[in-house]
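The values are calculated or read from the model by the stated rules, or taken from the named source; none is laboratory data. None of these values were measured; they are calculated from a predicted model. Positions of Cβ are backbone-derived with ideal geometry, glycine not excepted, and every protein chain shown enters the neighbour counts. Just the protein is used for accessible areas: all its heavy atoms, side chains included, with ligands, DNA and RNA removed. Shrake-Rupley method; radii C 1.70, N 1.55, O 1.52, S 1.80 Å.
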Amino acid sequence: MHYYTFNLGDYAKHTQYLSLIENMAYRLLLDRYYLTEKPLIIDTKKLARLIGMSNYLDEVNQVLDDFFDLTDDGYENSRCEREINLYQAKASAARVNGQKGGRPRNPEKPRKTQPVILANPTLTQPLTNQEPITNKHIKKINKKEIPPPIDEVISYFCSKGLNQEEAEKFFDYYSSNGWKVSKNPMKCWESAIRSWISRSKQFPDQPINNKNETFGENLK
């Protein structure tokens, strides 16, 4: 993948103690992780050379120790794995739709075939005879998108004074239950976030006020 979301505030919060060289090493390791879409190789000397930091092996090893987990497959980062899985799922869905000729169309209303892209076309392409998209329009579009992009969820949580970790708990929980509130499909993810925040503040150690929905380790 050639693009990944980057939360400046969250990054600064977790890396403020890094030296300039360690900071550079972390960014370059993240870039390589996303570019290859797989864990970093175990051979740290070779890895340092691949990111152009052969002369700073100690700093590279320190960053790997702080932010990555050593597994049989290599050095893994849970945040990277989550975003790569989301990206690959979207890419797979796009390929399937492309092989079928795009989304099913109404036989009574023929239309031209449109290319399938991963980004939101309403946000990335100009529309003929269309009023300029405002923040109000963007908010309305995102509300209708279920499941929502994880970066939008994180941004919304941060705007409410919460951190990325809480946003990821929300995203992982509703991803696991098919984006349903109780037994009903979620209609507005921003409204669901507000309810989530309200319940967490009112009952920090109590179950969510929905059947079979609880805070706790199962949300991590």
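Checking each residue in the range 7-36 for being open to solvent by less than 60 Å² (accessible area, probe 1.4 Å) and either in contact (Cβ under 8 Å) with a residue 60 or more places away in the chain or of a type in the set (Asp, Glu) (or both) picks out 7, 9, 10, 22.
Does residue 55 satisfy being of a type in the set (S, T, N, Q), modelled with pLDDT under 90 and more than 24 Å from residue 168 (Cβ to Cβ)? No. Identify, please: which residue in the range 179-213 is surrounded by fewer than 10 Cβ atoms within 10 Å (Cβ to Cβ) and modelled with pLDDT of 85 or more and is, among those, nearest to the chain's Cα centre (by Cα)? The selected residue is 185. Where residues in the range 138-178 are over 15 Å from residue 194 (Cα atoms) and charged (D, E, K, R), which of them is modelled with the lowest pLDDT? The selected residue is 140.
Scanning the range 45-102 for residues that are open to solvent by less than 60 Å² (accessible area, probe 1.4 Å) and not in a helix (DSSP H, G or I) gives 51, 53, 68, 71, 74, 75, 76, 77, 101, 102.
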